[in-house]
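Read the structure below first, then the notes.
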Amino acid sequence: MKALHLVAHANPGKLAPKLVDGRLLDLLAGRDAMPIPSRTESLELLLALAEASHELLGGVAGRTTFQFDADREVWECGLELCGGDVLVSVYRPSPATRIATHERRVTRRDFLNAQLEMLSTIARGRRDGAPESARNRYVFAAERLCSQLSSPALLGEAPSAARCERAVTGPSFGSVSLCARGRLKMTRPRLVDSEHVERSDLHALLVEGTLQIHAGGATLSSSASQLFIDAERLVLGAEEVLSTWESGRVLATRLKLSELELALYRTRSDGLIELGARGGQREAPRRRMQLVNVDSICWVRAVCHFALALTAEFCAVDERQQRNLRLTALERSARALLERASVEDHALTNDHPEDYRRFARRRRSMATGLWEHGGTMRFSARWVATVPGLDLRATFLCGDSIIVDSSRETACIDRLNGKIMWRAPSGPAACTVSPAGLIRFRPDGHLSSIDLSNGVQRFALQLKPRTGGGAAGSVVYSDGLPKLLALTEGDRQISAVDLITGEVRWRHTAARPGSYRLRRVGKLLLVAGGSSTLFALDLTSGEAVWRFCSRLPFSGALAVDQTSAVAVSGAPGNWQLQHLDPWTGECRWSAEMLEAPLPGKHPLLTPKVVVMPVGNEGSSGAEAFDRQTGRSLWRHHADLASAASAWLAFDDLVLINDGAGVLMCLEASTGRPLYNHVFAGSSATDTPRRLEPVLRNGALFVPQQQVHVVRPRTGEIIGTVPPDLVPDLLRVDERCDVYVGEESGHLAAFGSAPRLAVVGQSS
């Protein structure tokens, strides 16, 4: 072996001349196996190597590791005693593990002499008459380490490195299985080891062995596989296989193992994986070999069970590996993938629907009422309030008051005269209202309830913040049911907070993370979004009552009533409308949609038809299906309205309020337009931020540049609210008084004049 070389000078003062070329890299890994360290990095590496060598050869531990920098990357060196030799391993632990050398055998004498020669050259800077100011910490450290490594006791013999031959065999899934064999490390503990400390120790997991992949009648073998590293890469590839399978995307990925390069292709989201490989025990390693097709879920399960079996063997050989963070991370990832892959096995149907159906309440149609027939409506301005930083989504009608939330405070306004009844300091939060109080949920997870009568905080508690965007929840405040706020917490939990006491009644953890949306029907809470499972929870206990598993993930677009639950599932290029019984979870029909659903829109339910808005970011259309059979009835291409339009269904009609100033009414059974209004004076600057029309007492209130009042069934315009403000927010109370909020921070109230009627006629 050549003498070692440190490609660096001691940093200040040129304390040492250039050392012999290539010695340091030759000792550790070879010159081409890893990046060449800089001068300072080489000095640091040499000192760290000497410190670890003294600890190892002095009998403190049977093996030791240390990290060093090389070309702006973090590398690690592992040393292990084996009789009169030292086993040297050099590798990059992350982000993509790379092994430069594994258990390179060097005699103790050569190992120590090479280091002493380099350290002596650095320490010579002091003896060569360099001034005191020019000597730095490298010189002093080199002198100290030279003295320590010169001890004859370091050249003694040690037991051979203990190894345990183990075979790992994973179960077979759909003719796919993995097995391995290797010699696992058995090392004596360090003196500083503690049962209370967890460490990431990749060196203990570096085991070279044989890996075999069985798929159908074919077997692919690798005789020089780094078992743990390859298991990590296989689990990482299984994550991509499962993610593309869940989201309905095609799969095209390559897995670079120690000797093998696997190619996984799947052209259809529900198709089989085409498995190919290069390398390993092959005559033509550059030629691609086609193996049998394998099922996506079978591949994921086989890989994950093999990884779990491998981690169990590591822990069985050396129980201290239970505290190895690198090993527990692999186990945690494999278990999470298995949980996601086995969701379809957990389908559940409710056999007692009457226990939940009896809590459903049928609502009367708002298309009938005082203004369904008769004369026109007149409005007069009542008051205008200025609310800096007005949050349009957090403005609520509550009895005789209006609750408004802003970026700085929450206030209660008398809706008759506009006087402020109380105000309380606050900050940005998602808000909802219940008879028990105003609920505020801050982005950091802080939830509080404010009394509507005086603005005093009733209770507060800390929940997990929502990671996937804004908060989603549902208020339960009905006779016979607990008074709850059900909301999403974190990325996979649904929690129920008691609106009276402020305690968390129950918390349900979903099998997969997702951006869940909640809908209540009777005594059930329906949950959909982000995963391929739609499930219903019992409002009193949080237990799953039924669970429906789709092939593709649900988008969160969900519509429910007393007889139907209609949800959208799919991925780009493959969208489906699922119609389920809301009480049992049974799927009545599934219909394929020709176009993608319009983002942010839910299915529209009429007595006989289900209408789904479809389109893209530029325009929108609609597809209609028979509610009983799922048969396609009619379709409007995505040029019917703009993507920002608002949709409303009632009776057998569908209303579309477009930001371009158009109000359109379609007959739900045929898709035929019944009436169409083009409102004058509409421009991009005057378009309301929220276009949702409000149906109240037989009158339809339509926000455009101003608020227009229309008879919903005939399209007759019966009134107009004065255009003082752009109606970014529209609220209508039971008397048909109108409240308009503008994003600039103004809130105005308009009272409806009494309706004139002929009460008698004189003769």
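Throughout, read-outs are computed from the coordinates displayed, never taken from laboratory work. Note that this is a predicted model, so its numbers are computed, not measured. With ideal geometry, Cβ positions are generated from the backbone for all residues, glycine too; neighbour counts draw on all protein chains shown.
Laid out as a table, the results:
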| read-out | value |
| --- | --- |
| The chain: radius of gyration and largest Cα-Cα distance (Dmax), Å | 35.7, 133 |
| Between helix 39-57 and the chain: long-axis angle, C-alpha atoms, 0 to 90°, nearest 10 | 70 degrees |
| Simple spin-label estimate for residue 397 and residue 454 in nanometres, 7 Å along Cα-Cβ | 2.8 nm |
| On Cα atoms only, tilt of 137-149 relative to the major axis of the chain in degrees | 60 degrees |
| Phi-based couplings in Hz for region 489-494 (Karplus 6.51, -1.76, 1.60; Gly and Pro marked x) | 10, x, 10, 8, 10, 10 |
| Mean ellipticity per residue at 222 nm, deg cm²/dmol - from DSSP H runs of n ≥ 4 across the chain, formula -39500 (n - 2.57) | -5500 deg cm²/dmol |
| GluC sites (Glu not before Pro) within region 543-623: DSSP coil, no more than 14 neighbouring Cβ in 10 Å | 543, 586, 617 |
| Overall form of region 23-155 per C-alpha gyration tensor (a/c, 1.5; a/b vs b/c) | oblate |
| Cβ-Cβ FRET estimate between residue 631 and residue 73, R0 fixed at 51 Å, reported to 0.05 | 0.25 |
| Relative contact order (percent, whole number), the chain, Cα cutoff 8 Å, 6+ residue spacing | 7 percent |
| Where a label projected 7 Å from the Cα of residue 329 along Cα→Cβ would reach, residues of region 70-97 with amide N under 19 Å | 70, 73-78, 90-97 |
| Those trypsin sites (Lys or Arg not before Pro) in region 629-694 that DSSP places in a loop and that have at most 11 other beta carbons within 10 Å | 631 |
| Cut-off under 5 Å, modelled amide H: who pairs with residue 398 long-range | 403 |
| Under-5 Å amide H pairs with residue 86, H placed in peptide plane, nonlocal only | 106, 107, 108 |
| Estimated D of region 162-341 in µm² per second, where Rh is the Kirkwood radius over Cα pairs and Stokes-Einstein applies at 4 °C, 1.567 mPa s | 77 µm²/s |
| Flagged links, alpha-carbon separation over 32 Å, of 185/464; 419/601; 185/256; 523/608; 523/601 | 185/464; 419/601 |
| 5 angstrom amide H check on residue 510, placed H, neighbours 5+ away | 493, 494 |
| Separation in nanometres of the label points that stand 7 Å from Cα toward Cβ, at residue 366 and residue 561 | 1.5 nm |
| Three principal axis lengths of region 311-442 [C-alpha, angstrom, descending] | 85, 44, 24 |
| Computed lengthening from residue 157 to residue 481, 0.36 nm per intervening residue step minus Cα-Cα distance | 109.0 nm |
| Added length on full extension, which subtracts the Cα-Cα distance from 0.36 nm per residue, residue 355 to residue 267 | 27.2 nm |
| Difference of contour (0.36 nm per residue) and Cα-Cα distance, residue 422 to residue 186 | 77.8 nm |
| Relative contact order (percent, whole number), region 292-337, Cα cutoff 8 Å, 6+ residue spacing | 45 percent |
| Relative contact order %, region 162-341, counting alpha carbon pairs below 8 Å whose residues are six or more apart | 25 percent |
| Nearest-ten-degree value, helix 108-127 long axis tilted from longest Cα axis of the chain | 90 degrees |
